[in-house]
1. Using Cα-only point scatterers and the Debye equation, what is log10 of I(q)/I(0) for segment B:156-342 at each q in 0.18 Å⁻¹, rounded to two decimals?
2. Full extension from B:THR229 to B:HIS85: what is 0.36 nm times the residue separation minus their Cα-Cα distance, to one decimal in nm?
3. Would you work out which of B:ILE73, B:LEU115, B:ILE15 lies farthest towards the positive end of the dipole of chain B? Charges go on Cβ: Lys and Arg +1, Asp and Glu -1.
4. For B:LEU38, list long-range residues whose amide hydrogen, built 1.01 Å from N in the peptide plane, is under 5 Å from its own amide hydrogen.
5. What Kirkwood Rh does segment B:29-136 have if only Cα atoms enter the pairwise 1/r average? Answer in Å.
6. Can you tell me, using C-alpha contacts under 8 Å and at least 6 residues apart, the relative contact order of chain A as a whole percent?
7. Name the residue farthest towards the positive end of the dipole of segment A:1-49 from the options A:LEU41, A:ILE11, A:SER21, assuming +1 on Cβ of Lys and Arg, -1 on Cβ of Asp and Glu, about the Cα centre.
8. Can you put B:MET113, B:MET176, B:MET276 in order of Cβ neighbours within 10 angstrom, beginning with the fewest?
Amino acid sequence: MKLHRQILTLIKKDISLEYKSLESLAGMVLFLLATVYTCFLTFKKMPTAEVWNALFWIIIIFSGFNAISGSFKNETGGKHFYLYFLVNPKALILAKIIYNSFLMLTLSIIGLAIFALFLGTNVLEDINFSSFFIGLVLTSLGLSGILTIISAIASQLDFKGGIITVLGLPLLFPLILISQKYSAQALSGVSASGNMNFLLGLLTLNVAVITLSYVLFPYLWRQ
Amino acid sequence: MAKNWWKIVGALLVIYATAFSFLRPLEPGIIQTDKTELVLGQNTFSVTGYNSHFVDYSSSLKGFLRVDSVRAIPITVLDIKDNVHAEFSVNVPADIDKTVMDLFLSNDRTGSMFLPAAFRIDQSKGNPAASAEYTNVAFSSGEEIPFEFPFQLRIFDTIRNLNFHVPMWFTMFVLMGLSLWYSIRYLNSDKIEYDLKAASSAKIALIFCSLGLITGSIWARFAWGDWWTTDAKLNGAAVSFLLLAAYFILRKSAEDKPNKGKIAAVYNILSFFMTMALIMVLPRLTGAASLHPGEDGNPAFSSYDLDSNLRMVFYPACAGWIITGIWIYNLHYRISNLKNTQS
């Protein structure tokens, strides 16, 4: 099979697995709801756009860990060998990254809605939505690029619980710094073309992350 | 002996740099004045100097306030309390057309000492004396004392830390580069020695990273008033520490896996590139003002901050610490290799 056919098939497999067990998706949304509600309880009302922005990204990162950390849990044991003989590892990692970035994008849009519901829309008054959305798409891609390869690393360890945050969080620093600065601009109404510096930074970082995952994953896969 | 010459060179360079850093004095300078605002006419103020030898060379002590590149207002010595404290008086003319002035003092030992923007003139106060007039700006040179550290405001004696703090980071970068190189070699060749080399160099890099953090933190406390600040370079330092530490946690928890070396190598390569993105790319992208020297995103000191005396010891210090770091890494690798072959 060609690489892109393999990728499509693998994405379809992941979607149908997710659809079969909707409780994991519901769990992710519930995690978002619970964390945003905790913020609501402690903050009552958002003081500034800066704090809103910081909280939003922190919550998105941790729901990203929550959503993506288990993305190789179905590829262990016998299924690992089945896939090993069947597909190209490069197709597998690309499929996982694409699937996870859609998952992340969905989660961050739901997160945005929950934020608006509980923490008020007053910080969103002069938001440039298309610019903010481009930021969300690129950050979701970058997040899933880093977290997918980290979860592939962690899936090979016995003790998976805490280690994925220890391994993943420092790697996310550059991505989070750029996207937080980009979205702070977008929140105050700057368009995507007026924010080219950070946009290019996000793009380059995504390209670097996905290239690294693409090159490095086959070494993890070949046991 | 013949193959160990580089270790001797490294040790000698480190000893030279350390001795130099602790033993040589700082250039004379002016730390502060008791008042920052002067009025028209007669004023008195006292000056706190540094290594300024006011008593030792009291007969030649003189000074002026610089108005512009040509004109100056002369000051007279009222009282010399000790080597670093003295009182002066100045007569500010009524037709003064500048509000901010620099203070210059000199004697035969120190040459010209200089405090930028020392005084502001309040032209609405005071009663100007008729006798007040200008002289010319004149610089004088003192005794030539070889190898003094440059005097810089706010940093003062902590400038010696330059020869410890910066070489730690350079050594860390060299060792991280070595670690990356051996990780890539290991992925492509599967030889266990490359895995051991990557782990050893990362471990020594972690030690140098910790030393860089400690020396930097102490320096920041003196120069900026805080143990830690939000700064692009400090973010880079923190992330390199976290990633190196995470690498060892990963190695430890993958210890009994058949492909532990592969896992560690993949993580090491990933973390190296992310550290580089944070240190090299982000400061240039955000353009945030940084307290740390090397404003243009370059993590090292710029040529502006280094004078030739400092270079005489800074470059040997860097070379010496890098060689020492590689030496320690080499020893550590040989020990871990022996342990590995025994078990």
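1. -1.20
2. Here the answer is 48.5 nm.
3. B:ILE15
4. For B:LEU38, the qualifying residues are B:ARG120, B:ILE121, B:ASP122.
5. Details: mean 1/r = 0.0725 Å⁻¹.
One decimal place: 13.8 Å for the Kirkwood radius.
6. Details: 227 pairs, mean separation 62.8, N = 223.
Across chain A, relative contact order equals 28 percent.
7. Towards the positive end, the residue furthest out is A:ILE11.
8. On the way: B:MET113 22, B:MET176 25, B:MET276 17.
Ordered by Cβ neighbours within 10 Å, fewest first: B:MET276, B:MET113, B:MET176.
No value in this document is a laboratory result; all are computed from the given coordinates. Since the model is a prediction, treat every value here as computed from it, not as a measurement. Neighbour counts are summed over all protein chains in view; Cβ atoms, including those assigned to glycine, are modelled from backbone coordinates with ideal geometry.
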